[in-house]
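Report on the following structure.
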């Protein structure tokens, strides 16, 4: 993010500059305080006009006891964040963040075998082995001993499957892992097979939208158009970063998704446009340093009594993610503490 901020005096911006940024916020119909909270970076959050009453709460939150569900929101982490680290180190990082909620990226690191975050996920169409089941049980016990709750696993690829039999090993793996939900990437063509196995195994699926490059499900709306016709256990994992790159209004899509919003992957971006991935660090930055409207996201989730997780998926600085992860959690917890106090 440093290159973009330096060029603009530390101001995060949209493609067409601050004026366009304000126009977009006006279209969202936000009041003055909310616009300021959304437009400011971490450095100006506490001094934003109208935010003086939140300042003391935000500062106190750094030293206060950390709530597992601040303002009723389950702040979790997607373990893809720690994709360069084997399970034991990932668990150490998660405990340091002090969140009990995770969405686990099963096959990371790729060459770690039994030490993957959640081992044993068979390649699409390949059988699930008894040895893998034993590894799964051992891995899950490590998370449980650390007080960490596996809320889902993903993203689980399902694009090659052309039948129920092709997909069955994946659901067998999920059953053995005790997963309540898989965050997944199927195709339009194999959704009937996915739905059939959801019913058979009673395991929910949340389709992850992956932005303009995804030919199957680029936007939250493209997911909703499909899952609304399916079993109630089929829903959406909304990736807010990919959503805005594909032109979606994240607040409107949260409202639109309603009870089909099962999970969220969140990150911050320095700009809202489809080309942001061409910027340094793929256009991503620590949460609170960008333009993602986190205060309004949290307000809408609270309004609709959202029961899923809001999982930080920190995709930058893969070799040393923890400082940015901690800063991102501090910001989100501070915003939630401020909202709870108003």
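Tabulated data for the structure shown
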read-out	value
Ordering of 104-112, 129-137, 291-299 by packing [mean C-beta count within 10 Å, highest first]	291-299, 104-112, 129-137
Overall form of region 143-197 per C-alpha gyration tensor (a/c, 1.5; a/b vs b/c)	prolate
Region 197-291, relative contact order in percent, only Cα pairs under 8 angstrom and at least six apart counted	24 percent
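Bear in mind these aren't lab numbers, they're just calculated from the coordinates by the rules spelled out. Since we're looking at a predicted model, the values are computed, not measured. So basically every Cβ, Gly included, is an ideal-geometry build from the backbone, and we count neighbours across all protein chains shown.
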